[in-house]
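Worksheet: the structure to be examined is printed underneath.
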C-alpha cells in the first residue's frame, strides 16, 4: 500500500466498486463481471482521481465531461462507479438486470447518466467523436469526452473510421481508453497483450498514445492528469489489464466471459477482497459553469420555385436546409462524401461551420450523428440510400438512445438509371420502417420535400427522408401543409374503379395513368402516400370502402415498402392489395427503360387497372 493518501483512497474506492460489481452480477445471475473488473482501476482513477468533471446532480449540464462505455457489457462497472459516487444505493445495485430496472444489461438512457445506448461493439468511439466535434466546433465548450473501449472491439472497422476522422478534425478533447485484458468472449484477442500492436496502428492515424499498467493507480492517474488540450491530437490510453482482476481464481482465465459467480464463489471472492467500506463515497469534481451561446430562432423563409416545372427532390432537400435553418439553429449537416449529389453541399456553402464531412465512412457518420444528437443538435445525416445500409447497426442502435436524428437517402430506386444496381436504394423503406417510433417520408416534388424537411426538423425522434435523383414535376402549392402521418388524395370522384397508392417518382406515373384512363372513361383515384410511417390508416380505409381495387406502386423492392405498409394498415379489413414493385434484378439503363422493365411505370399501372376491372 502506498503512503499517498489520495492513492490509498482510490484503492479503497476500487475495492468498493469490485464489491458492487461482484454482488450485483451474482444477484442477477448473469452479466460480465470479469470484463468489468479488468477496467475497474482505470475508471476509478478517471472518476475519482481529480480528472473527470461532472455535476452529479445535473447530468444535463453542458460542461459535464462525457463518458461512454463502448464496451457496454462492462455495465456493472458503469453502475458501480455511480454507486461509489453516492448516486445509486446498494439496494438499487441489486436490481441490476431486473425487469423494469434502469440498470439494464447494457447501458441505455433509462439510466440517467447514460447518453447513448451501447453494447453493440464498435460504436462508442464514433458517438464520442460527435460529442467532441460539438464541444470544439459548435458549442465552444471545454468538456472532454472519454470512451472506454474493449480490446476485442478494436477489430471493428467503425473504430478505425472514427480514429481517422478524430485525427482529421484534431479532436484533442477526445480520449479513448483501451482495456487490453487479452481475452475476448471465446479466447485470446487478435493481439493479446501486445500493446505495441495497438500503439503503432493508432499513432499511424495521427493520435497520441500513452501506455500504462492498467492496475497501477499512480501510473493511471498520472496518465490522465497529463492529458493536455491544445495538442490538436486525440489521445488513446492503451492499458494492459487482467480480465477478472481482483478475483484470483478467474484472473486471466478463459471461459469466464459473461458468467456471474455462484453464491459459493462470490463468498470466496469477497474473502479475497477483504474489508470493504460501503459507507465510502468518491468525490467527482464539478465542471466550469460555462453555458453555450444560445442562437435565437427566426422565422423560415418562403418556398419559391416560380418558373421551374421540374426539380429533383434531392435538390429541394438542400434548398430546404438553408430555408429552415434560421428557425432551427441547432441543425448540423453531415454527409458521406456525396454532398454534391445529396445536395447537402448547398447547406455547406451557406453554413460551412455547421457542416462536417464524414467521407466514405457511413458507420462513423451515423455514430457521429448520434453523438451530436446527444448534445442537443439536430443532425441531418445524408448519403445515397443504398449506402446507409452500411450503417444499419448504428442506425438500429440509435432507436434505443431515443435519438433525434434525420437520415436522408438520395438516389433511391431503379429510376437513378445508368449507374446500376450497386447505387440503387431498394431496401431503405423496409429498413427504416422497422425502427421503433421512426418516421418515414417520401416526397414526390420540390414543395412537398421542403415541407417534409421542415416537419422532420420539428419532430423529436428518428426520421428518414427518401429523395429522388431525377427531376419531378412540381404539383403542390407552396402553402400546402404536409403533416406527419398524412397523405394526399390527388384524384377522386364517386365513380373511381380503383385506387392507386404511390409515393415519390411513381406518384407521377400514377397521375399520368389517371389521365390516360380518364380519356378511356375509366376513373382512377390517386393517393400520394408521402408519409409511409406512420401511415394514414383512415384515408386508406376510406379508399378500400369506396373503390373495389387497391394498387400500390413503388420504386422499391416488394418486401417492406409501400405495399406492405398499406397491407399492414388494412390487415383487419380483408381487402386485397395489389402491388407493383421492383421484382427483377436491376441493371444499367435509362430511368424510363428501367421503370418499364420493372413494371412500375404508367403503362404497367394502366395494364394492372384494366386487368382488375
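The values are calculated or read from the model by the stated rules, or taken from the named source; none is laboratory data. Computed from a prediction, not measured in an experiment: that's the story for all the values here. Glycine also receives a Cβ, built like all others from the backbone with ideal geometry; neighbour counts cover every protein chain displayed.
Observations on the structure shown:
- Taken together, 42, 16, 37, 10 contain a single residue that is in contact with a strand residue (DSSP E or B) (Cβ under 6 Å, 6 or more places away or on another chain) and part of a helix (DSSP H, G or I), which is 42.
- Note on region 343-353: among residues that are in contact (Cβ under 8 Å) with a residue 24 or more places away in the chain and under 19 Å from residue 315 (Cβ atoms), the one that is surrounded by the fewest Cβ atoms within 10 Å (Cβ to Cβ) is 350.
- Residue satisfying condition, being assigned to a helix (DSSP H, G or I), crowded, with 20+ Cβ neighbours inside 10 Å and either touching a strand residue (DSSP E or B) at 6+ places or on another chain (Cβ under 9 Å) or assigned by TED's automatic domain parsing to the domain that holds residue 391 (or both), within set 178, 163: 163
- Count of region 131-160 residues, restricted to those that are closer than 29 Å to residue 258 by Cβ and part of a helix (DSSP H, G or I), is 9.
- Tallying residues that are assigned to a helix (DSSP H, G or I) and either closer than 23 Å to residue 159 by Cα or at pLDDT below 95 (or both) within region 79-127 yields 4.
- Criterion: at negative phi and surrounded by 17 or more Cβ atoms within 10 Å (Cβ to Cβ) - qualifying residue of 268, 240: 240
- Set 196, 231: member being surrounded by fewer than 16 Cβ atoms within 10 Å (Cβ to Cβ), in contact with a strand residue (DSSP E or B) (Cβ under 8 Å, 6 or more places away or on another chain), assigned by TED's automatic domain parsing to the domain that holds residue 143 and more than 21 Å from residue 33 (Cβ to Cβ): 231
- Only residues that are within 35 Å of the chain's Cα centre (by Cα) and surrounded by fewer than 16 Cβ atoms within 10 Å (Cβ to Cβ) were counted in region 568-591, giving 10.
- Taken across region 466-480, residues that are touching a helix residue (DSSP H, G or I) at 6+ places or on another chain (Cβ under 7 Å), assigned by TED's automatic domain parsing to the domain that holds residue 427, under 30 Å from residue 376 (Cβ atoms) and modelled with pLDDT of 95 or more do occur, with at least one present.
- Every condition in (1) surrounded by fewer than 21 Cβ atoms within 10 Å (Cβ to Cβ); (2) at pLDDT 95 or above; (3) out of contact with any strand residue (DSSP E or B) (no Cβ under 9 Å at 6 or more places or on another chain) is met by residue 451 except one, and the failing one is (1).
- Residue count for region 202-217, restricted to those that are surrounded by fewer than 16 Cβ atoms within 10 Å (Cβ to Cβ) and out of contact with any strand residue (DSSP E or B) (no Cβ under 8 Å at 6 or more places or on another chain): 2
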